[in-house]
Amino acid sequence: MTRTKWRKVPGYAFLSVFALFSLFPLYFMIVSSTNTSQDVLGSRLLPGGNLIANFQALIGAADLGSAMWYSAVNAVATTLAALLVCSIAGYGFEIYHSKGKDVLMAVLLLAMMIPFAATMIPLFRLFASAGMVNSTFAVILPAISTPFLILLFRQASRNFPHEILEAARLDGLSELAIFARIYIPTMRSTYAAAAVITFMTAWNNFLWPKVILLDNAYQTMPMLISNLSAGYVTNYGVLMLAVLLASLPTMIIFLVLQRSFAAGMTGAIK
C-alpha cells in the first residue's frame, strides 16, 4: 500500500465509526420488531422469533392497511401538487425577474420563520368554516406551497440557460409549452430533490393531520404509531414493527432517487 493510501486510512476509519453510529438506530429498529416487548426493554441486540406475532398483534390493534393507504394518498398528492405549484412559482420568480418579485420573495422567506403552531388555530378555523374537517384536501392544501421549495426552484432556475428560452420563443412555442417541454425535463434533478423532501415531510407529518382529522378512521401512519404508544401498557415490539413499516416507503423513495437528490440539492442541471 502506498503512502498516499495509508494517509487515507484514518479518514476512512473515522467515517466508518460514524457510519456505524448512524446505522445503529435502523438496526435496532429492525431487530426490535422481531422481539418481544420485554426483549426490547432489555435492549436485546439479536433478532428474535416474534415477528409474526408482532404483526398479528399490530393488525389486531389497528387498521394498518387503511393507515398506509391514507398516508400514501396524502404524501403522493401533496408531492405532485407541491412540485407543480412551487416549480411554477420558482420559474416565474427567476425567469420573469423584477424588483417587486424580490420583495415578495423576501416576504415568503420571512414566513419560514413563523412556527406552524402560531398559524395552526387560524388554519383550523378556516378549514372548519369551509366544512373541510376530516378531508384529504384539508391535509394537502397547506403543504402544496412552501417557501423552501419555491426558493429551491428559484435558485436552480438561475442556472437554466436563457438562450434556450429565446430560441423556443422564436420557434413559436408558448410560455406554457416552454415550461412543460423544456424546463421540466431539464430540471429533473431539482424535481427529484424536491420530491424526496416533500414526500418525506408529507408522509411523516403528524401534528396537522392529528388536528384536522378528528375521526380515527382517517388516521395516517404517524397517528397510528402515536395511538399505539398512548395506552397504559405499550407493546414495544409491536410499536417498533409499526415504526419499521412506516419508515419503509421513505427509505425506498430516498434510495431510488438519492443520486438525483444529491444533484438537485447542489443545483446541477442535466
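Would you check if there is a residue in the range 229-245 being on the phi > 0 side of the Ramachandran plot and assigned to a loop (DSSP other than H, G, I, E, B)?
Step one: of the range 229-245, the residues on the phi > 0 side of the Ramachandran plot are none.
No, there is no match, as no residue in the range 229-245 is on the phi > 0 side of the Ramachandran plot and assigned to a loop (DSSP other than H, G, I, E, B).
Give the residue, chosen from ALA19, ALA89, that is free of Cβ contacts under 8 Å to residues at least 24 places away in the same chain and either over 30 Å from HIS162 (Cβ atoms) or assigned to a helix (DSSP H, G or I) (or both). Even if it seems obvious, please write down each step before you answer.
Numbers: ALA89 fails: free of Cβ contacts under 8 Å to residues at least 24 places away in the same chain.
Selected residue: ALA19, the only one of ALA19, ALA89 that is free of Cβ contacts under 8 Å to residues at least 24 places away in the same chain and either over 30 Å from HIS162 (Cβ atoms) or assigned to a helix (DSSP H, G or I) (or both).
May I ask you to list the residues in the range 72-102 that are within 22 Å of the chain's Cα centre (by Cα), surrounded by fewer than 21 Cβ atoms within 10 Å (Cβ to Cβ) and β-branched (Val, Ile, Thr)?
Hits for the range 72-102 are VAL73, VAL76, VAL85, ILE88.
Mind counting the residues in the range 175-210 that are among the aromatic types (Phe, Trp, Tyr) and more than 22 Å from the chain's Cα centre (by Cα)?
Matching residues across the range 175-210 total 2.
Look through the range 193-208, keep the residues that are in contact with a Phe, Trp or Tyr (Cβ under 8 Å, 6 or more places away or on another chain) and farther than 14 Å from LEU151 by Cα, and return whichever of them is surrounded by the most Cβ atoms within 10 Å (Cβ to Cβ).
Across the range 193-208, the extreme among qualifying residues is VAL196.
Residue-wise test of (1) at pLDDT 85 or above; (2) closer than 26 Å to TYR27 by Cβ.
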{"position": "TRP208", "(1), (2)": "yes, no"}
{"position": "VAL238", "(1), (2)": "yes, yes"}
{"position": "ILE253", "(1), (2)": "yes, yes"}
{"position": "LYS270", "(1), (2)": "no, no"}
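Determine whether the range 169-187 contains at least one residue that is small (Gly, Ala, Ser), in contact (Cβ under 8 Å) with a residue 12 or more places away in the chain and exposed (fewer than 15 other Cβ atoms within 10 Å of the Cβ). Spell out how you get there, then give the answer.
Restricting attention to the range 169-187, the residues satisfying the condition of being small (Gly, Ala, Ser) are 172, 174, 177, 180.
From what is left, the residues that are in contact (Cβ under 8 Å) with a residue 12 or more places away in the chain are none.
Within the range 169-187, not a single residue is small (Gly, Ala, Ser), in contact (Cβ under 8 Å) with a residue 12 or more places away in the chain and exposed (fewer than 15 other Cβ atoms within 10 Å of the Cβ).
Please give the number of the condition LEU41 fails out of (1) surrounded by 13 or more Cβ atoms within 10 Å (Cβ to Cβ); (2) closer than 30 Å to PHE179 by Cβ.
Here LEU41 meets the rest and fails (2).
The values are calculated or read from the model by the stated rules, or taken from the named source; none is laboratory data. Please read all numbers here as calculations on a predicted model, not as lab measurements. Positions of Cβ are backbone-derived with ideal geometry, glycine not excepted, and every protein chain shown enters the neighbour counts.
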